[in-house]
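Let me begin by presenting the structure, written as structure tokens, before commenting on it.
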Amino acid sequence: MTALCETADAPIAPRALKRRLRHAERRRNLLFAALIGPLAFFVLASFIVPIASLLGKSIDNPEVHGNLPQTLALLEDWSGDALPDDATFASLAHELTQAAGTPAVANIAKRLNREQPGTRTLVMRTARGLPLPEGTPAREGLIQLDARWGETQTWHLLRNAGGAFTGFYLLSAVDRTVDADGNIVASPPEEAVYLDVLKRTFVMSIVVTAVCLLLGFPLAYLMATLPARHANLLMILVLLPFWTSVLVRVAAWIVLLQNEGLINQLLMWTGVTEAPVQMLFNRFGVYVAMVHILLPFMVLPLYSVMKGIPPAYLRAAVSLGCPPLRSFWRVYFPLTLPGIGAGALLVFILCMGYYITPALLGGPNDQMISYFIAFYTNQTVNWGMASALSVVLLAATLVLYGFYVRYLGTPNTDAR
Amino acid sequence: MLQPYASPLERAWYVGLRVLVGLILLFLILPILVIIPLSFNADSFLMYPMSGFSLRWYEDFFTSPAWRRSLANSLIISPLATLLAMVLGTMAAIGLVRARFPGKALLTAILISPMVVPVVIVAVALYMAFAPFGLTGTYTGLVLAHAVLGVPFVVTTVTATLQGFDFNLVRAAGSLGAGPLTTFFRVTLPQVAPGVISGGLFAFAISFDEVVVTLFLASPEQATLPRQMFSGIRENISPTIAAAATILVLMSTLMLLTLEWLRRRNERLRGVSPG
């Protein structure tokens with residue numbers, strides 16, 4: 001820009017002008033790159049890469065692959081009908097001896113145990129017995145340490161668990177597993193818990209979304225029809241909880257819902273019940289607190305849509321002879337649908353990822369998928385399973401978010 | 001509102017709607033109002049009726065090492081994370097509004113994606129990614145994580161504010177001889193300040209209320225106020241939690257009022273200007 005101004009009064013050759021324009025353009029682009037670059041780098045390094053690497057862990061399979069490479073290479077050529085040859089036995093004995101005393105053994109044991117429960121002892125016992133006494137052939141030595149080395153099934157197991165990548169965790173996350181013939185089948189009932197968790201997550205999100213809509217609609221409607229001064233007061237009453245810490249609200253609901261809490265005191269005083277009703281550490285408590293936390297997210301988009309509906313439409317319908325309830329249903333309600341869609345999707349998306357509220361106010365049967373992601377990360381250090389469940393949750397979230405952006409525009413974070 | 005000639009049905013609807021909405025608002029506001037008096041309770045139960053007035057729980061809050069440290073941690077981590085998010089987010093928003101390049105929509109989507117991804121996934125991912133660099137259990141790690149969560153709010157609010165910004169002003173400043181930095185601080189920033197501040201407030205609120213990522217990344221030494229409240233609610237729920245909650249409610253009221261003031265100021269200024 002400045003380049004143009006400086007020379008505005010002197011005639012310039014067209015080519016020089018072009019060059020200067022190009023120069024200015026390049027400088028502009030550099031400036032924009034310098035403005036956007038730092039944030040792009042920051043988000044890439046401390047968000048996108050970690051998320052991608054987390055998702056990658058759902059198919060990562062390093063335990064056996066990384067620690068028994070030579071044995072696995074030999075097993076590639078194995079027919080699978082009879083026991084492997086002596087070289088394979090010797091290689092396994094050698095590689096397990098090297099791994100003995102390091103965390104690698106425990107990792108191999110844990111990985112194989114996930115494939116077939118009970119295999120942990122096989123690996124641990126074998127590793128303790130190694131190295132084999134001088135002169136013992138590897139085949140006899142290993143079978144002596146644990147007879148299971150004499151079964152072809154054990155070697156199949158080792159080979160199956162030995163790939164660099166595995167679909168094991170992702171399949172487990174939807175209660176599927178691969179049987180001995182390589183077919184995808186339903187997981188054994190004692191391990192098939194994740195579809196239930198997923199179903200529970202969806203059901204709880206639907207209930208919370210529905211209740212939020214039922215409560216949010218009349219609230220937003222009144223706010224949209226009141227004069228601005230009163231509507232502003234109502235808005236502050238909606239926004240104050242919105243800005244209050246989630247932990248504060250959880251603590252407050254504990255105060256209200258506990259057995260000696262105000263709600264139970266009121267119920268007993270009015271004679272509705274004799275004994276206190278258990279409202280905490282079950283589904284009810286989780287629902288109440290989640291609706292309380294998410295209701296503003298429903299009210300705000302509903303309000304902004306309703307605010308834009310001219311009241312004349314409703315009056316016109318009534319003046320044309322349509323009864324009030326019917327005109328509300330046929331004229332007003334359809335116009336609020338974008339708000340309902342935006343609010344419901346927003347609440348549903350937020351709901352699915354909830355962790356804190358169920359963890360503090362729910363019982364064991366009220367935990368949603370997030371709880372299990374946290375559980376596998378912190379408690380059992382099963383990163384593969386944590387990642388696979390993350391893939392499922394993230395996929396569900398992104399699909400819904402795609403709907404949101406596609407049909408309802410980008411989210412309005414300005415809260416108004 | 002209600003006409004004198006309204007039919008009984010209309011009257012019932014008018015009153016019924018107001019009663020219903022009153023109950024819904026009670027549901028929203030009651031829990032927050034209920035916990036505040038309990039912070040002044042004389043005995044150590046978090047329940048009504050109160051036995052007397054006392055400030056002992058505030059004393060406990062401000063003297064017990066765990067609560068003091070958590071407050072200090074929150075007051076270190078949240079402002080730093082907010083500052084980082086505000087600086088990076090504002091710069092990027094200005095660049096994004098003015099630049100035209102292929103893939104801009106995708107880049108914008110990536111920059112605001114931390115807002116969309118469920119927070120537990122962010123927590124687990126950062127925990128696994130930060131561990132090899134020794135960033136778990138450090139203030140640096142927490143500040144970076146909280147800043148990433150707050151950045152989308154700064155980007156979106158500043159972008160929204162810039163929609164009404166006339167970039168000819170920047171050209172004018174440049175043609176009058178101001179350098180880019182002078183132009184930014186004297187022309188652009190004062191105009192977009194409300195957006196930057198409300199984006200910053202959002203980022204601050206996100207960080208100040210953040211508990212899931214903190215659960216994964218922080219050692220007990222970096223426990224923030226929400227983290228301390230989390231373990232308090234889990235382990236021994238005492239009126240100190242009510243005292244902490246009251247202080248947090250005060251802070252959120254303050255933030256809400258600031259935002260409301262900014263919004264009104266903005267509306268007023270827009271009303272005066274011919275645009």
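Structural remarks
- Single condition residue A:207 does not satisfy, out of (1) farther than 25 Å from residue B:22 by Cβ; (2) away from chain B (no Cβ under 14 Å): (1)
- Filtered by the rule that a residue be of a type in the set (Gly, Ala, Ser) and surrounded by 13 or more Cβ atoms within 10 Å (Cβ to Cβ), segment A:114-136 gives A:127, A:129.
- Residue within segment B:20-42 that is more than 13 Å from chain A (Cβ to nearest Cβ) and of a type in the set (Ser, Thr, Tyr) present: no
- Looking across segment A:153-168 at every residue that is in contact with a strand residue (DSSP E or B) (Cβ under 9 Å, 6 or more places away or on another chain) and part of a helix (DSSP H, G or I), the one that is farthest from residue A:122 (Cα to Cα) is identified as A:168.
- Residues in segment B:180-239 that are outside any helix (DSSP H, G or I) and modelled with pLDDT under 90 were compared, and the one that is surrounded by the most Cβ atoms within 10 Å (Cβ to Cβ) is B:237.
- Index of the failed condition, residue A:74 passing every other in (1) under 41 Å from the mean Cα position of the chain (by Cα); (2) farther than 25 Å from residue A:145 by Cβ; (3) modelled with pLDDT under 85: (2)
- Of everything in segment A:249-278 that is assigned to a loop (DSSP other than H, G, I, E, B) and crowded, with 20+ Cβ neighbours inside 10 Å, the residue that is farthest from the chain's Cα centre (by Cα) is A:261.
- Scanning segment A:52-66 for residues that are at the interface with another protein chain (Cβ under 7 Å from one of its Cβ atoms) and either surrounded by fewer than 18 Cβ atoms within 10 Å (Cβ to Cβ) or in contact with a Pro (Cβ under 9 Å, 6 or more places away or on another chain) (or both) returns a single hit, A:53.
- Within segment A:222-248, if we keep just the residues that are at the interface with another protein chain (Cβ under 7 Å from one of its Cβ atoms) and of a type in the set (S, T, N, Q), the residue that is surrounded by the fewest Cβ atoms within 10 Å (Cβ to Cβ) turns out to be A:245.
- Unmet requirement for residue A:139, which otherwise passes all of (1) surrounded by 12 or more Cβ atoms within 10 Å (Cβ to Cβ); (2) over 29 Å from residue A:381 (Cα atoms); (3) out of contact with any Asp or Glu (no Cβ under 8 Å at 6 or more places or on another chain): (3)
- Pairs linking a residue in segment A:225-236 that is under 18 Å from residue A:312 (Cβ atoms) and assigned by TED's automatic domain parsing to the domain that holds residue A:304 to a residue that is surrounded by 12 or more Cβ atoms within 10 Å (Cβ to Cβ) and among the β-branched types (Val, Ile, Thr), with Cβ atoms under 7 Å and 6 or more positions apart or on different chains, do not occur.
- Given (1) surrounded by fewer than 19 Cβ atoms within 10 Å (Cβ to Cβ); (2) within 18 Å of the chain's Cα centre (by Cα); (3) in contact (Cβ under 8 Å) with a residue 12 or more places away in the chain, number of the condition residue B:64 does not satisfy: (2)
- Qualifying residue in segment A:270-284 (condition: assigned by TED's automatic domain parsing to the domain that holds residue A:396, closer than 25 Å to residue B:263 by Cα and modelled with pLDDT of 90 or more): no
- Looking across segment A:279-304, just one residue is more than 12 Å from chain B (Cβ to nearest Cβ), without any contact (Cβ under 8 Å) to a residue 60 or more places away in the chain and crowded, with 19+ Cβ neighbours inside 10 Å, and that is A:279.
- Flag for residue B:44 being at pLDDT below 90, hydroxyl-bearing (Ser, Thr, Tyr) and surrounded by fewer than 12 Cβ atoms within 10 Å (Cβ to Cβ): no
- Of the helices (runs of 4 or more DSSP H) lying entirely inside segment A:336-416, those containing at least 1 residues that are surrounded by fewer than 19 Cβ atoms within 10 Å (Cβ to Cβ) span A:369-378, A:383-408.
- Meets criteria (out of contact with any Ser or Thr (no Cβ under 8 Å at 6 or more places or on another chain) and at pLDDT 90 or above) for residue A:19: yes
- Test: residue in segment B:29-41 that is part of a loop (DSSP other than H, G, I, E, B) and over 23 Å from the mean Cα position of the chain (by Cα): yes
- Qualifying residue in segment A:176-189 (condition: over 21 Å from residue A:75 (Cβ atoms) and touching an Asp or Glu at 6+ places or on another chain (Cβ under 6 Å)): yes
- Number of residues in segment B:1-41 that are modelled with pLDDT of 90 or more and of a type in the set (D, E, K, R): the value is 1.
- Residue list for segment B:214-273, filter: more than 10 Å from chain A (Cβ to nearest Cβ) and over 27 Å from residue A:361 (Cα atoms): B:258, B:261, B:262, B:265, B:266, B:267, B:268, B:269, B:270, B:271, B:272, B:273
Results for (1) surrounded by 15 or more Cβ atoms within 10 Å (Cβ to Cβ); (2) part of a helix (DSSP H, G or I); (3) of a type in the set (S, T, N, Q), shown as yes or no for each residue.
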| residue | (1), (2), (3) |
| --- | --- |
| B:97 | yes, yes, no |
| B:102 | no, no, no |
| B:105 | no, yes, no |
| B:108 | yes, yes, yes |
| B:121 | yes, yes, no |
| B:141 | yes, yes, no |
| B:144 | yes, yes, no |
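- When residue B:51 is tested against (1) part of a helix (DSSP H, G or I); (2) without any contact (Cβ under 8 Å) to a residue 40 or more places away in the chain; (3) more than 13 Å from chain A (Cβ to nearest Cβ), just one condition goes unmet, and that condition is (1).
- Only listed residue being in contact with a Leu (Cβ under 9 Å, 6 or more places away or on another chain) and of a type in the set (D, E, K, R), chosen from B:166, B:209: B:209
- Any chance residue A:164 is exposed (fewer than 14 other Cβ atoms within 10 Å of the Cβ) and touching a residue at least 24 places away in the same chain (Cβ under 8 Å): yes
- Flag for residue A:314 being facing chain B (nearest Cβ under 10 Å), closer than 30 Å to residue B:8 by Cβ and modelled with pLDDT under 90: no
- Every pair of residues 6+ apart whose Cβ atoms lie under 6 Å, when the first sits in segment A:238-261 and is among the charged types (D, E, K, R) while the second is surrounded by fewer than 22 Cβ atoms within 10 Å (Cβ to Cβ) and assigned to a helix (DSSP H, G or I): none
The values are calculated or read from the model by the stated rules, or taken from the named source; none is laboratory data. Since we're looking at a predicted model, the values are computed, not measured. Note that we place each Cβ from the backbone using ideal geometry, even for glycine, and neighbour counts take in every protein chain shown.
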